[in-house]
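Heads up, the thing below is written out as structure tokens.
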Amino acid sequence: MYYVAQILIVVILFSIQTTWLKTFSIGGVVPDLALIWVVYCGVHCSRAMGIGSGIVTGMLQDSLSGGLLGVNTLSKSFIGFFFSALKDKFFVEGVIPIAFFLILSSLFDGLVFYFSMNTVLEGEVAPSFFYQSLPAYSIYNGVIGPVIFLVLNKINSWLKSKTGNPHMTRAN
Amino acid sequence: MSLNAKQEKEISFLDSFAGLILSPFQNLFTQTVQGISDGINHYFDLVDVSKENERLHLEVERLVNEKNDLIERISRQKRLAGLMAYQDDRKKKSLVASVIGRDATQWSKVVFIDKGTRDGVETHFAVVTNSGVIGQIIHAGPTTSKVLLTIDSRSAVDSIFQESRVSGVVVGTGEEHCIVKFVPNTADIKVGDRVLSSGLGGVFPKGLIVGTVSQVVKKKQGLFQEILLTPSSDLSRLEEVLVFLS
């Protein structure tokens, strides 16, 4: 039941991301729901679940982006691993810490893309990437992230009360 | 005669006096009764009006939805007519497809269409609109396909300038515009020049509009110009596209 619900959440997030999220685009920038989900799992779930969600979500994102040669798998796995391994070392509760760590994760995600594109994929990235797209993307994720965290907290609290799943490490 | 006149005078006085005393009460009673009667009538009328209002609201809602639906159909018909006219002009076997989804990340520029291998779509088929090139199929599933847009960082289209016939390569930047690479500094390129597909590369037929030059920077040092290109179609608002089936 718990895992089915988690899969359902991922499916819903990806459906929103690939369809009407463009409606909320600001200057061509949209938030990355997959990234927010991975950070959420890294912070709130067990280590295995955090890393697993990073790998699975990244792979799904790669397959839906025209095969970016695992760029998203790499960045999301690392982000999932980072938060799963170090969540006890820092405090990711409240709007400002969540926004701060989401901005950091977004910057990392963008940099992984940039370096992959400039090295392995030999693609062209606009010069405005560093002063326009990447900051806007990071801030957008940081602003929208705490709201999504709140919604996911409510869903997972309800799921926990129904299933009592041990993979949730923090009571919300 | 005199008696009658006296009686009439007395009656008239009594009448006037009685009328003077009674009329305020008469008015009061009449108005009260009328008011109550009107109130009751209006109450029942209001119940009817309220029901009617509710019914009319539903009717208006239905008509607004119907109108929106019709506007949407007309607009779709117009877009399809444009695509069909373009299809007839090109005299090339093609297929109209609807865009059903977009990229899952900020960094890639991909759309999903509702036609796949069952409809004859294959990898590396050109995808266009009546405004020009939008991209190529990079993966064809049985019922859906992925289209790599020309603005994606991994996209490259061999092109020529319509006026000067100078060749270059249109490369996506991951933003809303492309750049044209490998255009020599000596070439005469102006803002507003059209860029067409050259037909080389085997994906896009020759002569399709790729975009319009929006900025030209000629460096004193270096071999090539820096040319910014605005794609021919608004790639953020794609709804129906044409897939060339060869």
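The values are calculated or read from the model by the stated rules, or taken from the named source; none is laboratory data. Small disclaimer: the values here were computed from a predicted structure and weren't measured. We place every Cβ from the backbone using ideal geometry, glycine too, and count neighbours over all the protein chains shown. Ligands, DNA and RNA are excluded from the accessible area calculation, which covers all protein heavy atoms including side chains. Shrake-Rupley method; radii C 1.70, N 1.55, O 1.52, S 1.80 Å.
Just to be sure, is B:V191 more than 14 Å from chain A (Cβ to nearest Cβ), over 21 Å from B:V110 (Cβ atoms), touching a residue at least 12 places away in the same chain (Cβ under 8 Å) and within 28 Å of the chain's Cα centre (by Cα)? In short, no. Screening B:I138 against (1) more than 29 Å from the chain's Cα centre (by Cα); (2) open to solvent by less than 60 Å² (accessible area, probe 1.4 Å); (3) among the hydrophobic types (A, V, I, L, M, F, W, C) leaves a single unmet condition, (1).
More than 30 Å from B:E239 (Cβ to Cβ), in contact with a helix residue (DSSP H, G or I) (Cβ under 8 Å, 6 or more places away or on another chain) and either touching a residue at least 40 places away in the same chain (Cβ under 8 Å) or more than 14 Å from every other protein chain (Cβ to nearest Cβ) (or both): does that describe A:G70? Spelling it out, it is not the case that A:G70 is more than 30 Å from B:E239 (Cβ to Cβ), in contact with a helix residue (DSSP H, G or I) (Cβ under 8 Å, 6 or more places away or on another chain) and either touching a residue at least 40 places away in the same chain (Cβ under 8 Å) or more than 14 Å from every other protein chain (Cβ to nearest Cβ) (or both).
Taking the criterion of being under 20 Å from A:I36 (Cα atoms) and small (G, A, S), the only residue of region A:108-130 that qualifies is A:G110.
For B:G172, state whether it is in contact (Cβ under 8 Å) with a residue 40 or more places away in the chain and either open to solvent by 50 Å² or more (accessible area, probe 1.4 Å) or of a type in the set (D, E) (or both).
Considered against the rule, which asks whether it is in contact (Cβ under 8 Å) with a residue 40 or more places away in the chain and either open to solvent by 50 Å² or more (accessible area, probe 1.4 Å) or of a type in the set (D, E) (or both), B:G172 comes out as no.
Checking each residue in region B:58-115 for being among the small types (G, A, S) and within 13 Å of chain A (Cβ to nearest Cβ) picks out B:S98, B:G101, B:A104, B:S108.
If you go through region B:191-214 and keep only what is out of contact with any Asp or Glu (no Cβ under 8 Å at 6 or more places or on another chain) and farther than 24 Å from B:I137 by Cα, you end up with B:V191, B:G192, B:S214.
Scanning region A:105-126 for any residue that is more than 14 Å from chain B (Cβ to nearest Cβ) and either in contact with a strand residue (DSSP E or B) (Cβ under 8 Å, 6 or more places away or on another chain) or more than 22 Å from A:Q17 (Cβ to Cβ) (or both) turns up nothing. As a summary of the residue check, A:V4 satisfies the conditions (1) at pLDDT below 85; (2) open to solvent by 10 Å² or more (accessible area, probe 1.4 Å); (3) closer than 30 Å to A:V120 by Cβ except for the one numbered (3). Per the conditions (1) touching a Ser or Thr at 6+ places or on another chain (Cβ under 6 Å); (2) of a type in the set (D, E, K, R); (3) in contact (Cβ under 8 Å) with a residue 24 or more places away in the chain, the sole criterion not satisfied by B:D103 is (3). Filtering region B:206-238 to residues that are in a loop (DSSP other than H, G, I, E, B) and either open to solvent by less than 30 Å² (accessible area, probe 1.4 Å) or at pLDDT 90 or above (or both) leaves B:L208, B:Q225, B:S233, B:L235, B:L238. Tallying residues that are at positive phi and within 14 Å of another protein chain (Cβ to nearest Cβ) within region B:164-188 yields 2.
Among the residues of region B:141-154, is any at negative phi, in a strand (DSSP E or B) and more than 12 Å from chain A (Cβ to nearest Cβ)? Spell out how you get there, then give the answer.
Applying the first criterion (at negative phi) to region B:141-154 yields B:141-154.
Add one more test, that the residue is in a strand (DSSP E or B), and what stays is B:145-149.
Keeping just the survivors that are more than 12 Å from chain A (Cβ to nearest Cβ) gives none.
No: region B:141-154 contains no residue that is at negative phi, in a strand (DSSP E or B) and more than 12 Å from chain A (Cβ to nearest Cβ).
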